[in-house]
Structure formats: C-alpha cells, structure tokens
Amino acid sequence: MSVAVEFSVDSLAGARAADRLGADRIELCSAGALGGLTPGPGLLDAALDSVRDAAVHVLVRPREGGFHYRPDEVEVMLAEVRHAVAAGAAGVVVGALTEHGALDEAVLRELVSAAAGRQVTFHRAIDVCERPELVLERLVELRVARVLSSGRAPHAEAGSAALAALVRAAEGAVEVMACGGVRAHTVLPVVAATGVAAVHAAPRRTVAAGRARPVDFGAHAEFDIDEARALVRAVRNAGV
C-alpha cells in the first residue's frame, strides 16, 4: 500500500516547496504556530495558482483554541468552505464539537454540504473526543473522507496503539492520517506500528528577526525544506 504524504504549510513559499518535493497533498493554512487558522484569500489564490501536482486542502478554523463554535463562527466557517471550493481547492479540513466534547453532527453536516462534493478531512478535534471509534462511525455516515489524528497523544509515536485501533475501526471506509511530530526519522516506525494510509507533517524552522530594533516582534517560523525533503525520501525509498 502506498502511503500518502501531506504537508501543512502557511506560506506561498512553503506551498511551492511542498509541491516541488513531491507531496501528495498540502494542507494550506495561516498561523501555523497556533495550530493553523483559515488562510486569507490572497494566500489561497496564489497557492492554487502556483501548485501544480499536489492536491491543496484548505484548513477552515476561525480561531485558535477548542473546537466548540458559536453560531456566528459557524457562519464564517461555512462562508470560508464555500470560498475555498469556489477558488478550486481539492478539499477542506474542518472539525466541530459540542460544548461537552462530542461530535457536533449538525455543524459538520452543514460543512460537508458546503464542500459540495470536495473531500472533507476531519482534523484533530477527534483527539479530544470521547470514544473516537464511535465518532469515526458517524464520520463515515457523514461522508467524511479522512481523519487526522495523533492517537490522542502529543505525537504519533506515543499514540500509535490508538492510531492502529482507528485504522482497524475505519476498515478502509475513511482514510486515517497520522500527525504529531511526524518527521523523517519517525515516519517509518509510525507507519509500521499503525498501518495508516497517510502521514501529515508540519516541518518548520525558526528564522531570526534580524538586528535588534526598538520594538522587537521576534522570530518567525517557515517551512523546513530540508526536513520535508528527507521525510519524502524516507517514505518513497521505503516503498510504503
């Protein structure tokens, strides 16, 4: 079985690099340091114009923090899903929970409908749900294509047993994609331990702000091309 490689990127340079390196998919977002937020229209349009081979999936997340959203936030998310679809995105990445941490089926149903047949990935909200295998069953019924998870752990290696259980529960009806600390030196052990069909990585490196100024806004992170290249090479050379 071929394992798909997805990179999370929050810049045009990152999107172009991920595509050039042979990523199967790109999760396009902004503010990667916050776990990712919905990208602005300028970044979205430029990435879709620039990426040639990778499928661009747009993260729709209106703010940082938890995944229980007010009605006005849901309204914004629906508009952002529709905009991503109209712009030509291959899919969207979404998630919504109730105030008690259960799957918010009503909101997710609206988001899937707004995606108009494009692939929908349910993001790491599943890692804070109780009984994720039951959530998985509902996601299948709601026609979600993919689930992103670290196995309810800080990183995929630590959550490998839970990820393997998700893969078994999915029975191929939903693609399970491992995330959380996936790097060139961990990707093959994670795949071997879990049987996932895809891996998601967000390799970034810190870039210094430059010379000191009276007001220092600090360093920023950018897509780590060397780490991404090594990860793709590890997966492709292993033939998984």
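The values are calculated or read from the model by the stated rules, or taken from the named source; none is laboratory data. It should be emphasised that the depicted structure is a prediction, and the values quoted were computed from it without experimental measurement. A quick note on method: Cβ atoms are made from the backbone with ideal geometry, for glycine too, and the neighbour counts reach across all protein chains shown. When the accessible area is computed, the model is the full protein with side chains, heavy atoms only, and any ligands, DNA or RNA have been set aside. Shrake-Rupley method; radii C 1.70, N 1.55, O 1.52, S 1.80 Å.
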Under 10 Å, Cα contacts only: if you run a Gaussian network model on the chain, which one of H100, H57, H123 comes out with the highest mean-square fluctuation? H100
Evaluate the distance, in nm, between pseudo-label points positioned 7 Å from the Cα of I225 and of A87 along their respective Cα→Cβ axes. 2.3 nm
A correct Kirkwood calculation over the Cα atoms of the chain returns a hydrodynamic radius in Å of 18.0 Å
Where nothing but the Cβ of Lys and Arg (+1) and of Asp and Glu (-1) is charged, how large is the charge dipole of the chain around its Cα centre, in debye to the nearest 20? 600 debye
Restricting everything to alpha-carbon atoms, can you work out Rg to Rh for region 1-115 with a Kirkwood hydrodynamic radius? 0.98
Assuming R0 = 35 Å, what is the FRET efficiency of R63 and A173, from their Cβ-Cβ distance, to the nearest 0.05? 0.70
When only C-alpha pairs under 8 Å and at least 6 residues apart count, what is the relative contact order of the chain, in percent? 18 percent
Given a cut-off of 14 Å, what percent of all Cα-Cα pairs of region 135-176 lie beyond it? 41 percent
What length, rounded to one decimal in nm, is gained on full extension from A192 through to E130, with 0.36 nm per residue of separation minus their alpha-carbon distance? 19.8 nm
Largest first and in whole Å, give the semi-axes of region 162-240's equivalent ellipsoid, each being the square root of 5 times a Cα gyration tensor eigenvalue. 34, 15, 8
Share of carbon and sulfur in the accessible heavy-atom surface of region 105-240 [1.4 Å probe, %]: 51 percent
Among 34-41, 68-75, the order from most to least packed when residues are scored by Cβ within 10 Å on average: 34-41, 68-75
Quick one, what does Rg over Rh come out to for region 82-181 if you take C-alpha atoms and the Kirkwood Rh? 0.97
Which trypsin sites (Lys or Arg not before Pro) does region 1-54 hold that lie in a coil by DSSP with at most 13 other beta carbons within 10 Å? R52
If packing is taken as the average number of other Cβ atoms within 10 Å across a peptide's residues, how do 143-154, 187-198, 165-176 rank, most packed first? 143-154, 187-198, 165-176
